[in-house]
Amino acid sequence: MSRLIVVSNRVNPPSDAGVGTAGGLAMALAAALREYSGVWFGWSGEITDAFTGQISMQRVGGVTVALVDLEEQDREEYYDGYANRTLWPLFHSRTDLAAYERSFGEGYQRVNRRFAETLAPLIGPGDLVWIHDYHLIPLAEELRRLGVTNRIGFFLHIPWPGRRLLTTLPQHRQLVESLLAYDVVGFQTRDALEAFSDYVGRELELTIDDGVIEADGRRTRIGAFPIGIEAAAFADLARGEAAQATFARVRLSQTGRKMIVGVDRLDYSKGLEERFLAYEQLLADHPDWAERVFLLQIATPSRDAVQAYQEIRARLDGVSGRINGAYATVDWVPIRYVNRTHRRDELAGVYRAAHVGLVTPLRDGMNLVAKEYVAAQDPDDPGVLVLSRYAGAAEQMEDALIVNPFSREETSEALEVALAMPRAERVARWTRLMDGVVRDDVAAWRDRFVSALQGDAAVVTHRDDDNRKAS
Ligand code: GDG
């Protein structure tokens, strides 16, 4: 019987307690697996003395998960190394931060091989395999070496870099060729798809015919599959009791002032320093906004083991402190900067209480915060989304105020427009944005990808199971 087998580096479905702290990707994959019968395979996050390939099967949040432990050297070379210090910065156009160390590449191949050897026995005839993100690009090739002939798909959650940037990676050709072992390769945006196609055409000298690359007797379909959120559920969450309590608390603390909100993992790709400086520009250019507005920036600590993350954290402490020192008064602090994880329902309440959602990454595959901000708004009195043109979400969310995050002036002008926007225009823009967020939600993303992966094969869903039980 065919199932869906999802593979990602970390496996963290929302816990059975319900509202957890799981991020966007985790929520999306858990939703995919609740709908389709299957297993979610990946690293447990635990370290073992010597790799054994022993799988721990568990049931979490309505999803069956299969976890393996890795060795310390794996974590250093594959996770902290090649994934977080080589591919992440390179794919976010930060070659200045990218480390090209041979041992990282070797660790990356080794872990992908280990994953393949552990996973292959779990794959049954007709199962569909859906592999996620930059940690696992060579996994299909390793599975094919072991004789796996099932349909295998890959989805990249982060941007695809331009051809010239990518060629700075010593193993660029090997990495891209390994993608041709998949049946389907999906990107977030048309922009990423074009960058990938450019590489395939000019470096590999292969042609792409109607979205299909043919090489060595295998056909790989490529496409853009923009990810969404659980829009209806998130809107419900924002109306729920816990979110309302947070909303009330935040509104009380606003004392009539307007609030701009940013919510991000603390990552250099999210443009937090540029955001603080753009907000400072607003205060400098428009002293009338002093004491009438504040910025709440929630920045959840991330990848603390990597030095570039310690550095950005220290810089942000410095910049926010300097701005607050320069502009604060006895009863007003211009930036509330919070380095703590929040519950999802709390976040929904915070979004709803914010007059402006400020989402200004320098480079981002999609950015789910932009979509969550929209879904959380009060339809009668919605806030305004200010969105970076370099977030994948900008391809779909044209009714946001689109800005260049590298330009302080442009971002600060957009903030001014957002803060002063009349209600009728806010409602009109929000209505169109919300229509898109609901239409292109996570279920639409999953179904489009799975049906591309399926080709002619049928996959069993829980609905089919229910029908069978009923008959
Ligand atoms: C990658 C790509 C792409 C944040 N703080 C808390 C918290 N979050 C949640 C947000 C949102 C998620 O984390 C962040 O998602 P993003 O899409 O903004 O960014 P990445 O983590 O970089 O994700 C990105 C995504 O994959 C999916 O394909 O969109 O481009 O980089 O859901 O709400 N959640 C909770 N507490 C927090 O403090 N509960």
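The values are calculated or read from the model by the stated rules, or taken from the named source; none is laboratory data. Bear in mind the structure is a predicted one, so any value in this text is a computation, not a measurement. FYI the Cβ positions are ideal-geometry reconstructions off the backbone, even for glycines, and counts take in every protein chain you see.
Among the residues making up segment 292-313, those that are more than 16 Å from the ligand (Cβ to nearest atom), surrounded by fewer than 16 Cβ atoms within 10 Å (Cβ to Cβ) and free of Cβ contacts under 8 Å to residues at least 60 places away in the same chain are R292, Q307, Q310, E311.
Using the structure shown, decide if N339 is exposed (fewer than 15 other Cβ atoms within 10 Å of the Cβ), near the ligand (Cβ under 10 Å from one of its atoms) and not aromatic (F, W, Y). Working first, answer last.
On the way: exposed (fewer than 15 other Cβ atoms within 10 Å of the Cβ): yes; near the ligand (Cβ under 10 Å from one of its atoms): yes; not aromatic (F, W, Y): yes.
When the stated conditions are applied, N339 passes them.
Only residues that are more than 6 Å from the ligand (Cβ to nearest atom) and either of a type in the set (K, R) or in contact with a Leu (Cβ under 6 Å, 6 or more places away or on another chain) (or both): list them for segment 344-362, please. Across segment 344-362, the qualifying residues are D345, A348, R352, G357, V359.
Residues that are of a type outside the set (K, R), in contact with a Phe, Trp or Tyr (Cβ under 9 Å, 6 or more places away or on another chain) and touching a residue at least 60 places away in the same chain (Cβ under 8 Å) within segment 324-355 comprise W332, A348, G349, V350, Y351, A353, A354, listed in sequence order. (1) over 27 Å from M366 (Cβ atoms); (2) among the aromatic types (F, W, Y); (3) not in a loop (DSSP other than H, G, I, E, B): which one isn't true of F51, the others all being true? The failed condition is (3).
Between L252, L316, which is away from the ligand (no atom under 16 Å from the Cβ) and in a helix (DSSP H, G or I)?
Details: L316 fails: away from the ligand (no atom under 16 Å from the Cβ).
Step by step, each of L252, L316 is checked, and only L252 is away from the ligand (no atom under 16 Å from the Cβ) and in a helix (DSSP H, G or I).
Here D304 clears all of (1) acidic (D, E); (2) within 29 Å of the chain's Cα centre (by Cα); (3) assigned to a helix (DSSP H, G or I) except the condition numbered (3).
Return the residues of segment 386-404 that are out of contact with any Asp or Glu (no Cβ under 8 Å at 6 or more places or on another chain) and surrounded by fewer than 21 Cβ atoms within 10 Å (Cβ to Cβ); say none if nothing qualifies.
Start the filter on segment 386-404 by keeping residues that are out of contact with any Asp or Glu (no Cβ under 8 Å at 6 or more places or on another chain), which leaves 386-387, 389, 394, 397-402.
Answer for segment 386-404, where residues must be out of contact with any Asp or Glu (no Cβ under 8 Å at 6 or more places or on another chain) and surrounded by fewer than 21 Cβ atoms within 10 Å (Cβ to Cβ): R389, E398, D399, L401, I402.
Contact map, segment 262-273: residues that are outside any helix (DSSP H, G or I) paired with residues that are basic (K, R) and within 11 Å of the ligand (Cβ to nearest atom), Cβ distance under 8 Å, separation 6+ or inter-chain. Pairs shown: D264/K270; D267/R303.
Could you tell me which of the residues R275, R257, R265 is assigned by TED's automatic domain parsing to the domain that holds G383, under 20 Å from I298 (Cβ atoms) and modelled with pLDDT under 95?
On the way: R275 fails: modelled with pLDDT under 95; R257 fails: modelled with pLDDT under 95.
It is R265.
Checked against (1) in a helix (DSSP H, G or I); (2) surrounded by 14 or more Cβ atoms within 10 Å (Cβ to Cβ), L169 passes all but a single condition, namely (1). Being in the same structural domain as N9 (by TED's automatic domain parsing), modelled with pLDDT under 95 and in contact with a His (Cβ under 8 Å, 6 or more places away or on another chain) holds for only one residue in S44, S37, and it is S37. Taken as a whole, the condition of being at pLDDT 95 or above, closer than 18 Å to D133 by Cα and out of contact with any Cys (no Cβ under 9 Å at 6 or more places or on another chain) does not apply to D198.
When D236, D198 are checked against the criterion of being exposed (fewer than 15 other Cβ atoms within 10 Å of the Cβ) and more than 15 Å from the ligand (Cβ to nearest atom), a single residue qualifies: D236. All conditions in (1) buried (at least 20 other Cβ atoms within 10 Å of the Cβ); (2) assigned to a loop (DSSP other than H, G, I, E, B) hold for L206, with the sole exception of (1). I'd like the full set of residues that are farther than 21 Å from A235 by Cβ, within 12 Å of the ligand (Cβ to nearest atom) and not in a strand (DSSP E or B), limited to segment 363-394. Those that are farther than 21 Å from A235 by Cβ, within 12 Å of the ligand (Cβ to nearest atom) and not in a strand (DSSP E or B): R363, G365, Y390, G392, A394.
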